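K.L.:
Following this message is one structure expressed as structure tokens.
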Amino acid sequence: AQSDPATLPLLSEKNLQYIGGFRLPARQVDGESFSFGGRVATYNPAGPSPFVSSYRGAVAEVTIPTPVNSAYVNELPFASFLQPFADPTEGHLKDVGIIGVNIAGLLVYGNRLYGAASINYDANNDQHVSHFSRSLRLNEPSFSGWSQVWEKGRTGFVSGMMSLVPKEWQARLGGPAVTGQCCIPIVSRTSVGPAAFAFDPAKIGQPAVGATPLWYYTLTL
């Protein structure tokens, strides 16, 4: 029988080892580049390779070169493109909002790429949908979305980071992945501290997807 995951040892600083680093490709492709650094990223275990977004929201897949442990950036190797930049939403980002919409989270799950988008300055709390999914082949028309996750009118709590939940914790926490958002402009429409909501990414594409709140913070004491 599987043991209670609560009895497993906690991760501590001594369990972590810095291996080194590498740089994202420097060249521009189709008018896009990582000149402002990668905005959000997710790991594709089948590569192994990361998907990384640009400042303007295009996404590319890159290699993982052998990391170098150095304090000098010029000694770090460059990654190469496996898939060039593409719009993961296939033009549907405007369905979330007209101005200031950014890709705010990415996740590889079940052989698909999932994403979350957020309006940066949503003064009227107009954003009602946040998540989408698509094929891992960035040039393949496959967009599915948008979905409202958790509760209507509270998109600012979920429209950001995503991460997988270890199998031994999924039943306890309420889903195979978590999503969350915090601390973005107009604090009344978002969490005022770290937030995490368990959900099933495979349901993204449906109009509304339920989520289990694990923690979040509001202005109400």
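The values are calculated or read from the model by the stated rules, or taken from the named source; none is laboratory data. Because the structure is predicted, anything quoted here is derived from the model rather than measured. Because the Cβ atoms are built from the backbone with ideal geometry, glycine has one as well, and the counts that use them run over all protein chains shown. Side chains included, ligands, DNA and RNA excluded: accessible areas come from the protein's heavy atoms. Shrake-Rupley method; radii C 1.70, N 1.55, O 1.52, S 1.80 Å.
K.L.:
How much space per residue, in cubic angstrom, does the convex hull of the C-alpha atoms of the chain take up?
P.N.:
It is 159 Å³ per residue.
K.L.:
In addition: Top mean-square fluctuation among D30, D87, D122, Gaussian network model of the chain, C-alpha springs under 10 Å?
P.N.:
D30
K.L.:
Let me ask you something else. Charges only on Cβ, +1 for Lys and Arg, -1 for Asp and Glu: so what's the dipole of segment 39-188 about the Cα centre, in debye to the nearest 20?
P.N.:
My answer is approximately 220 debye.
K.L.:
Order the following by accessible area, largest value first: L138, L219. Probe radius 1.4 Å; ligands, DNA and RNA are ignored.
P.N.:
I get L219, L138, largest accessible area first.
K.L.:
Go through R23, R137 and list them by solvent-accessible area, largest first, probe radius 1.4 Å.
P.N.:
Largest to smallest exposure gives the sequence R137, R23.
K.L.:
So, one more: Answer with one residue from F197, H92, I19: the one whose Cα lies farthest towards the positive end of the charge dipole of the chain, charges on Cβ with Lys, Arg +1 and Asp, Glu -1.
P.N.:
So the residue we want is F197.
K.L.:
As a test question: what accessible area, to the nearest 10 Å², does L164 have when a 1.4 Å probe is rolled over all protein chains in place?
P.N.:
About 90 Å², ignoring ligands and nucleic acids.
K.L.:
Report the convex hull volume per residue for segment 4-115, counting only C-alpha atoms, in Å³.
P.N.:
Output value, Cα hull per residue: 168 Å³.
K.L.:
Which is the longest stretch in the chain that no exposed loop site breaks, taking sites as GluC sites (Glu not before Pro) with a DSSP loop state and at most 16 other Cβ atoms within 10 Å?
P.N.:
1-89
K.L.:
Hey, in the GNM for the chain with a 10 angstrom Cα cutoff, which one of L93, L113, L11 fluctuates hardest?
P.N.:
Maximum among the listed residues: L11.
K.L.:
Just the C-alpha atoms of segment 36-75: what Rg/Rh do they give, with Rh taken as the Kirkwood radius?
P.N.:
1.03
K.L.:
Go through H128, H92 and list them by solvent-accessible area, largest first, probe radius 1.4 Å.
P.N.:
Largest accessible area first, the residues go H128, H92.
K.L.:
State the answer as a single residue: which of A123, V52, P176 lies farthest towards the positive end of the charge dipole of the chain, with beta carbon charges of +1 for Lys and Arg and -1 for Asp and Glu, about the Cα centre.
P.N.:
P176
K.L.:
Given the Cα atoms of segment 109-193, and with Rh set as the inverse mean 1/r over their pairs in the Kirkwood sense, what is Rg to Rh to two decimals?
P.N.:
Reported Rg/Rh, Kirkwood definition of Rh: 1.01.
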